[in-house]
Amino acid sequence: MSAFYLMVPVSIALATAFLYVFLKLNDNGQFDDTTSPSVRMLDDKTVDAPEAPKKENE
Amino acid sequence: MAAPHSNPYTALDQVDLYPHVYKHWSENNAVAELHLPTIHCASCVRTLETWPKWREGLDSVVVDFSQQTAVIRFNPTLVSLSDLALELQGMSFPPDISLAQSNGSSVHPKKSALARLQFKQMAVAGFVFGNTMLFALPEYFGMEAGSDLSLFIRWITAFLSIPLVWISGAPFLISGWAALRQRTTNMDVPISLGIAALFLQSHWDVWTGSGPGYFDSLAGLLFFLLVGRWFQSQTYSALHFERDYRSFFPFSVWVVQNGKEVAKPLESLKTGDLVRVRHGEMVPVESTVLEGVSAVDVSFLTGEAQPQDVTPGSRVPAGAQLVGGSVLLRAEKALDQKYLTSLWSEDTGGRRPQWTALTDRLGRAFTGVVLGISAAAALVWAFLDPSLMVPVVTSVLIVACPCALALAVPFALGNSVRLLGRQGAFVKSTATVERLAAVGAWVFDKTGTLTVAGSVQWSEPSGITPLQRIALRALANQSAHPLSRSLVQHFTTQGTVDEGVVAQFEEALGRGISGVVGSKKYRLGSPVFCNQDPAAAPDHAVGAVEDGVFLGWFLPLSSFRPGLNQALSGLGSVPISVLTGDTDGERQALLAAVPSQTELRFRQKPEDKKAYVQALQERGFSVAMVGDGLNDAGALAQSDVGITVAEDALHFAPACDVLLRGDALPQLDRMQRFAQAGVRAVRLSIFMSLAYNVVGLSFAVRGALTPEVSAILMPLSSLSVVAFTTLYTRRQAQKIFAS
């Protein structure tokens, strides 16, 4: 049973790490708009994002 | 008064720094829109909108729930915006003022800030909920209580509950506290009491070593509440999206391209477009006058009653209504449809104060009853078994949460508004649906309402010259009256297209128009307006006069909308009247088009129409007035439900509650039946949520309802109300409109 004393804090630490990553992404706007990116990628005519790759040949 | 230095919002008072905040500014009248990200429930809206009642200098506050914005109208000589912003902060609605919003499309960052906060709160609640449930398991499976390991786990869950209440519980606690401080109650008050009771009781248990506490139910409660709230805001924004962009303004504007007027959809209007606006129409965007001398009525925007003169070069604000001759405008800004929508829906001040929605009264009584029951239960259990007192009170508070009640109206009537919009009726508010359902007498205007404005054929007076045609077409083109529009179409189909220049244009409402074209003065209008004997005039004729010489009659052959008779009969055996400013020449045609018991009145001036509506109301009827909003604005404002039939252009009648697409008029009877179905859905769901509460309470006061079960039962009742209202209204819409 003494393993619990180690396992419980470790599991909480792990879960907290995931929570932290989620909150960080949330703050950066990862989940702001889940609709338009999925639509945008279907349209290959618009180059919207600044980091979009350069078009080699049209 | 706060010292100016201590106010972080002082910069807000500089109008030129915050052009996106100020919608209008003048000496003693300013309109500002603030983003208040903490608006989250119906009572927030009430709190903010009743603020002007006790705040001097504040004229009105109108909240846009899904966008979390408030449009504040105030008098800058009495109060400054920075003071108002500081007070808002004190009311737990800190305004979000960032310059980033100033460059146009501000909707996105605003909404996402709230969504991020909601995600954060849900994530923390979910995290704590999962972990606490997991750690609570050994205890439920009979692990030796009081062992070192169980104490260790208790302390961990107690520790986890701190960020839980701090982050996820904050929205409820803050809003509940703010309500108490203002000596009102909202639905967050009982929720906050529940949270506080659970939290303190659990910590007491752990610190004294008497038990494991209720941390798992606390986490579960907050998680479900937050998910419910998120779902609600998702639905609201979906609703709002449809209201805003798809259906609200089905109008077109007359854009001048290459010297020709083309009707274009409102949303395709761009900066720099040339727009023709006529008497009675609304200026769609802020523009500069290029041609024409006229006046605009801005009473609707700023409260200034006098129409203001405009000449070439003048700037006119969006939403101004043109009174006088037509003008050519250049659009200076892009279309802000939300702003136009807000103009229409804001015009609620002071109208029909006698109407208090049933749910408002019920909701207010509710909190008091709940608090009373919990106090009584607490007293009883204090004698029976003090150790059960807190759990009982907690479960009473939780199970009685008025969420289901609060959801009934927005979902049932909001959904009705949406479904009516699909049928071509654009309803101003959910309260309008309730009023539409209760209408007991109908009054119709004839021209442009029962008749189709565009399809009227005309016969011309004999001997009219092409030059006179050009002049009369130019004159008629100044007016937005259906007869004028129809005459212009007639002339256009006859091949007369050149645009003459009209000076000294005047419109006598319901009688006629006059103006100078070239060197001659022309009049178009009713027989009296043309100095002719009305008795000798042919049926329903428009006279034309050139420099005092009578030219002859234009005779229309009006066509009534198809399906009219059936629709009016479908309204049931209620008083139906048709009022018209025209002569009774068309009596026979009208009689054939409407049910036989319909009352017909001819030669009605705008004030007669208003008096007629008033007389019906005095006889105890709830009256709906259906008109085109041009010469019946008074009657529309007087009626209980003002319905404006909109055919093509921007006829914008601020007094109306419903904008009806012309071709949707024959559906009117079905629309009323559907509105009644919507109200029935509200009644049923109120009954449902009360039934839930009664059942839940009867368990809770006996101490038989554990906080865990009630934490599940409560969101379940909310979800079932949402599901029921949505399905019921949709089913009714199919049944009523499909047949």
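Remarks
- Any hit, region B:470-487, residues being out of contact with any strand residue (DSSP E or B) (no Cβ under 7 Å at 6 or more places or on another chain) and part of a strand (DSSP E or B): no
- Scan of region A:1-31 for residues that are at the interface with chain B (Cβ under 7 Å from one of its Cβ atoms), assigned to a helix (DSSP H, G or I), open to solvent by less than 90 Å² (accessible area, probe 1.4 Å) and within 29 Å of residue B:118 (Cβ to Cβ), ordered by number: A:12, A:15, A:19, A:22, A:23, A:26
- Residue among B:624, B:637 that alone is modelled with pLDDT of 80 or more and aliphatic (A, V, I, L, M): B:624
- In region B:688-701 there is no residue matching the filter, namely being under 23 Å from the mean Cα position of the chain (by Cα) and modelled with pLDDT of 80 or more.
- Residue within region B:431-453 that is in contact with a Phe, Trp or Tyr (Cβ under 9 Å, 6 or more places away or on another chain), crowded, with 19+ Cβ neighbours inside 10 Å and among the aromatic types (Phe, Trp, Tyr) present: no
- Here residue B:516 meets the list (1) open to solvent by less than 50 Å² (accessible area, probe 1.4 Å); (2) part of a loop (DSSP other than H, G, I, E, B) almost entirely, failing just condition (2).
- Qualifying residue in region B:203-211 (condition: at pLDDT 80 or above and either β-branched (Val, Ile, Thr) or open to solvent by less than 10 Å² (accessible area, probe 1.4 Å) (or both)): yes
- Number of the condition not met by residue B:136 [criteria: (1) at pLDDT 90 or above; (2) within 18 Å of residue B:201 (Cβ to Cβ)]: (1)
- Taking the listed residues B:117, B:99, B:88, the one that is away from chain A (no Cβ under 14 Å) and at pLDDT 80 or above is B:88, with no other qualifying.
- Test: residue in region B:340-352 that is of a type in the set (D, E, K, R), assigned to a helix (DSSP H, G or I), modelled with pLDDT under 65 and in contact with a helix residue (DSSP H, G or I) (Cβ under 8 Å, 6 or more places away or on another chain): no
- Among all positions in region B:643-661, there is no residue which is open to solvent by 10 Å² or more (accessible area, probe 1.4 Å), modelled with pLDDT of 85 or more and on the phi < 0 side of the Ramachandran plot.
- For residue B:155, the requirement of being part of a helix (DSSP H, G or I), modelled with pLDDT of 85 or more and within 19 Å of residue B:371 (Cα to Cα) is not met.
- Close pairs (9 angstrom Cβ cut-off, 6 or more residues apart or separate chains): under 26 Å from residue B:115 (Cα atoms) in region B:200-229, in a loop (DSSP other than H, G, I, E, B) and not β-branched (Val, Ile, Thr) anywhere: B:218/B:169; B:222/B:169; B:225/B:401; B:229/B:40; B:229/B:41
- Sole residue being within 19 Å of residue B:281 (Cα to Cα), without any contact (Cβ under 8 Å) to a residue 40 or more places away in the chain and among the charged types (D, E, K, R), chosen from B:473, B:469: B:473
- Of all residues in region B:418-434, those that are part of a helix (DSSP H, G or I), farther than 27 Å from residue B:509 by Cβ and modelled with pLDDT of 80 or more total 4.
- Restricting attention to region B:574-615, the residues that are in contact with a helix residue (DSSP H, G or I) (Cβ under 6 Å, 6 or more places away or on another chain), under 22 Å from residue B:641 (Cβ atoms) and either open to solvent by 40 Å² or more (accessible area, probe 1.4 Å) or in a helix (DSSP H, G or I) (or both) add up to 5.
The values are calculated or read from the model by the stated rules, or taken from the named source; none is laboratory data. Everything numeric in this text was worked out from a predicted model, so none of it was measured. Positions of Cβ are generated from backbone atoms using ideal geometry, with glycine treated the same way; all protein chains shown enter the neighbour counts. Each accessible area value is taken on the protein alone, full model and side chains, heavy atoms only, with ligands, DNA and RNA left out. Shrake-Rupley method; radii C 1.70, N 1.55, O 1.52, S 1.80 Å.
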